[in-house]
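Take a look at the structure set out below.
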Amino acid sequence: MTVNEFMMILDSKPLAEVLKEYPIGWDFLANFRLNNLANELPFSQALLKVDDEALAEFGLDRFGALKSFGAFLEQFTPKENPLEEVKSITISGGWNKSRTPENISLTISAGEIISIVGPTGSGKSRLLNDIECLAQGDTLTGRRILVNGAELDDLQRFEMEGKLVAQLSQNMNFVMDLTVREFLEMHAKCRLTPNVGEVVAICFQRANQLAGEKFSEDTLVTQLSGGQSRALMIADTAYMSDSPIILIDEIENAGINRRQAIGLLAKREKIIFVSTHDPLLALSAHKRIIIKNGGIAKVISISEEEKESLGVIENLDNTMQRLRTALRAGELIHMKDLSEPSS
Amino acid sequence: MKLITVAGPPSSGKTSVILKLIECMNCAKGSIGVVKFDCLTSFDNLSYEEAGIPVQTGFSGKICPDHYFVSNIEDAVQWGVESGFELLITESAGLCNRCSPYIRGILAVCVIDNLSGVNTPRKIGPMLKFADIVVVTKGDIVSQAEREVFAFNIRQVNSAAKVIFVNGITGQGAFILAKYLQQAVEIQSLTDTKLRFTTPAAVCSYCTGETKIGAPYQMGMMKKMEFKNL
Ligand SMILES: Nc1nc2c(ncn2[C@@H]2O[C@H](COP(=O)(O)OP(=O)(O)O)[C@@H](O)[C@H]2O)c(=O)[nH]1
Ligand SMILES: Nc1ncnc2c1ncn2[C@@H]1O[C@H](COP(=O)(O)OP(=O)(O)O)[C@@H](O)[C@H]1O
Ligand SMILES: [Mg+2]
Ligand SMILES: [Mg+2]
Ligand SMILES: [Zn+2]
Ligand SMILES: [Zn+2]
């Protein structure tokens, strides 16, 4: 429905009916301190009883209020999401810092995991930036990022409004003063999710599976440990975020099951880039991009040998986890702890 | 010359964003100027000068910064035109949540940060409501979910604006903002253009220096609260 159609409804249907159909409209009324309108009347008529002064404080006149309400309802009505249609992205090469062409075209499909490796300052973050702003030969690397094989014009780039890419990094924390449940419910509401209870429950359950230490729904998000926070962020990104692309920057020693976490995101048909030097993460990817001197030097598909080694690496990693847990519990470390668990 | 007005609460990242923005615009040195409107003190001129950006700073002192902005913006534009700038950016810190130094037809950017609390967008008022572009900073230190909730709350009060995430430290996102700002229109003067929203009425006795409390001292335009009997 268009803004005009919403305005017509607001002009003819009793407000109570409109609010019943679009409960989010309550938010609009609250934002303009219009919570006490005569609901049995259509919005435009109920508005006649409101002081000019009260509306003017918000810079509105009656028609302006009607128009704003119409635009608001239009904005928050779930619509076809163009982002769901992102099936692949293609990185079309530019040049490195010495202006040598990259000569590459790499297409990545939904569900694929790509790791990015290279020394500090080599250009890993630059590549992630190019992806985020959907570079079209207009950044300093000259790269082009195609979506579903096509170039994008500026208008389409603006339309994405930063929703194309979700990010996850070591520095991120929760700042809201909410419990885990309230937090998830709030996010679900913003996503205009129809089955809030269900989504919240699954997010909570998955987050707990990923976290080393369990937590309850009533924990304040600000009181979660680093690992628990990361686990909640990943489950939340997997089940509630719109964004088809996920950029993960260094979640090395996160106290969560990293491999499972990445797998969970991939299962949700996201395109995943992980900038990392963590062997477990780097080898969990289908391909890895080697960055040198600002350019993509090589793209390696994971070999059979590397795939096999992943099991061994995971055991090493589990051993380290066990040692950490033991130390935390005040136990002594024995040589036998260093070998694989017999179970 | 093009003109862009940037406003936002103190420490939201306005200066950082403007600096990164100018970096992205790839213009000749000295072709972009900044006018900073502040209340009492400001060290922003140092940041701009360090980056080689011509800057003028004005202090509103005891006058409402909005009134101060309106009475000086045309002079600022003339300074910019005479200095031969291609682009002039104004930075002003909204202090009362009633401020909104936006002009019709001139691109208006509001900068707010993710750390200010998820409900802040609903409290900011005209400064957010009348902006064309809302830049959200400090996304690097909060979760993706909180960024999304924050953006949602922005759209609740301003459904028409573009919301752009910019990292004021690394400049991530500034590029797309720069692209967007290319739409700014050429002007030579602002005379006869209009503000998008009335400036706060500041004409009571307290505006002019009264300090005593009580009815006999309250003069001019007053707005009284209503207290109901219990
Ligand atoms: N972590 C982080 N800090 C930021 C970001 N943007 C700005 N800052 C910091 O926030 C503080 C205030 O920024 P400033 O640009 O002076 O804000 P202004 O008062 O609005 O001009 C400075 O210490 C900046 O370094 C950001 O995106 N992320
Ligand atoms: N192809 C390139 N051409 C020019 N400069 C580049 C290129 N790639 C990266 N850079 C620059 O090199 C610097 C370091 O890159 P960055 O992405 O931060 O490295 P990393 O994340 O790997 O530590 C940045 O200033 C970046 O803009
Ligand atoms: Mg980096
Ligand atoms: Mg500043
Ligand atoms: Zn003010
Ligand atoms: Zn006063």
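The values are calculated or read from the model by the stated rules, or taken from the named source; none is laboratory data. Keep in mind that this is a model prediction, so the values were computed, not measured. So basically every Cβ, Gly included, is an ideal-geometry build from the backbone, and we count neighbours across all protein chains shown. All accessible areas refer to the heavy atoms of the entire protein, side chains included, with ligands and DNA or RNA removed. Shrake-Rupley method; radii C 1.70, N 1.55, O 1.52, S 1.80 Å.
Some notes on this structure:
- Checked against (1) within 9 Å of another protein chain (Cβ to nearest Cβ); (2) within 20 Å of A:THR77 (Cα to Cα), A:GLY197 passes all but a single condition, namely (1).
- Top-ranked residue of region B:17-67 - restricted to ones that are touching a strand residue (DSSP E or B) at 6+ places or on another chain (Cβ under 9 Å) and of a type in the set (D, E, K, R), ranked as nearest to ligand 5 (Cβ to nearest atom): B:ASP66
- Condition check for B:LEU190: at pLDDT 85 or above, more than 16 Å from ligand 2 (Cβ to nearest atom), open to solvent by less than 50 Å² (accessible area, probe 1.4 Å) and away from every other protein chain (no Cβ under 11 Å): yes
- Output for region B:116-147, where each listed residue is closer than 20 Å to A:SER125 by Cα, in contact with a helix residue (DSSP H, G or I) (Cβ under 6 Å, 6 or more places away or on another chain) and open to solvent by 30 Å² or more (accessible area, probe 1.4 Å): B:LYS138
- Tally, over region B:166-180, of residues that are outside any helix (DSSP H, G or I), at pLDDT 90 or above and open to solvent by less than 30 Å² (accessible area, probe 1.4 Å): 3
- Unmet criterion (only one of (1) crowded, with 24+ Cβ neighbours inside 10 Å; (2) in contact with a strand residue (DSSP E or B) (Cβ under 7 Å, 6 or more places away or on another chain)) for A:ASP236: (2)
- Filtering B:ASN26, B:ASN72, B:ASN45 for residues that are within 14 Å of another protein chain (Cβ to nearest Cβ) and either within 16 Å of ligand 3 (Cβ to nearest atom) or not hydrophobic (A, V, I, L, M, F, W, C) (or both) leaves a single hit, B:ASN26.
- Qualifying strands (runs of 3 or more DSSP E) (wholly inside region B:103-165; at least 2 residues being within 11 Å of chain A (Cβ to nearest Cβ)): B:133-137, B:162-165
- Residues that are more than 13 Å from chain B (Cβ to nearest Cβ), closer than 24 Å to A:ARG99 by Cα, part of a loop (DSSP other than H, G, I, E, B) and open to solvent by 50 Å² or more (accessible area, probe 1.4 Å), drawn from region A:112-156: A:PRO119, A:THR120, A:GLY121, A:GLU151
- With respect to (1) within 30 Å of A:ILE202 (Cα to Cα); (2) assigned by TED's automatic domain parsing to the domain that holds A:LYS87; (3) open to solvent by 50 Å² or more (accessible area, probe 1.4 Å), the lone exception for A:LEU283 is condition (3).
- Residue within region A:29-46 that is at pLDDT 90 or above, open to solvent by 80 Å² or more (accessible area, probe 1.4 Å) and either basic (Lys, Arg) or outside the structural domain of A:ARG191 (by TED's automatic domain parsing) (or both) present: yes
- Summed over region A:216-232, residues that are open to solvent by less than 20 Å² (accessible area, probe 1.4 Å) and in contact with a helix residue (DSSP H, G or I) (Cβ under 6 Å, 6 or more places away or on another chain) total 3.
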